[in-house]
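Heads up, the thing below is written out as structure tokens.
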Amino acid sequence: MTAATPRSMRPGPRPGARALRVLIADDDRDTVMTLGILLRSESFNVRLATCGAEVLALVQEFRPDVVLLDIAMPDRSGLQVALDLKRELGERCPVLVAVTAHSTDAARRLTAKSGFQHHVAKPYDPEALIRLMASIEPAD
């Protein structure tokens, strides 16, 4: 977020709408914390996970609208987590956003094939990420 962007001009949640529930999963704690701070500052309801194994349990408990998911996690890849979520939840699966250092066309095809609706390459533009999040409607 640039300091010059007035709060009233930023594309956060719509007035009167329920705050979007966002689960952020990345094995890099600094990345999770930074992204959490960014989204909370824009009034999103955020939970954090630092491994792929945590995601499935948190999705059941928190019922996020969106999962921002790193692809390269050591315990369980984000690709496998996405496939598991799609298989277990079907139509009730949250919107899946790959947030990854892999930005090739092949990586984008792989994330799409695994069930991700969006692919955000690191380093990401914070304002572009906020705009993407603001474009997603809450599930209920």
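The values are calculated or read from the model by the stated rules, or taken from the named source; none is laboratory data. Owing to the predicted nature of the structure, the values given are computational and were not obtained by experimental measurement. Note that each Cβ is placed from the backbone with ideal geometry, even for glycine, and that neighbours are counted across all protein chains shown.
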Any idea which of (1) in contact (Cβ under 8 Å) with a residue 40 or more places away in the chain; (2) of a type in the set (A, V, I, L, M, F, W, C); (3) crowded, with 20+ Cβ neighbours inside 10 Å is the one VAL59 doesn't satisfy? (1)
Consider ARG87 carefully, then state whether it is at pLDDT 90 or above and either surrounded by 14 or more Cβ atoms within 10 Å (Cβ to Cβ) or of a type in the set (Val, Ile, Thr) (or both). no
Here is a check on your reading of the model: is VAL32 in contact with a Lys or Arg (Cβ under 9 Å, 6 or more places away or on another chain), within 23 Å of ALA128 (Cβ to Cβ) and β-branched (Val, Ile, Thr)? no
Just to be sure, is ARG109 closer than 21 Å to LEU56 by Cβ and loosely packed, with under 15 Cβ neighbours inside 10 Å? no
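Out of the stretch 50-76, which residues are more than 15 Å from the chain's Cα centre (by Cα) and among the small types (Gly, Ala, Ser)?
Those that are more than 15 Å from the chain's Cα centre (by Cα) and among the small types (Gly, Ala, Ser): ALA53, ALA57.
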Scanning the stretch 74-124 for residues that are of a type in the set (Asp, Glu) and either closer than 19 Å to ALA49 by Cα or touching a helix residue (DSSP H, G or I) at 6+ places or on another chain (Cβ under 9 Å) (or both) gives ASP75, ASP84, GLU88
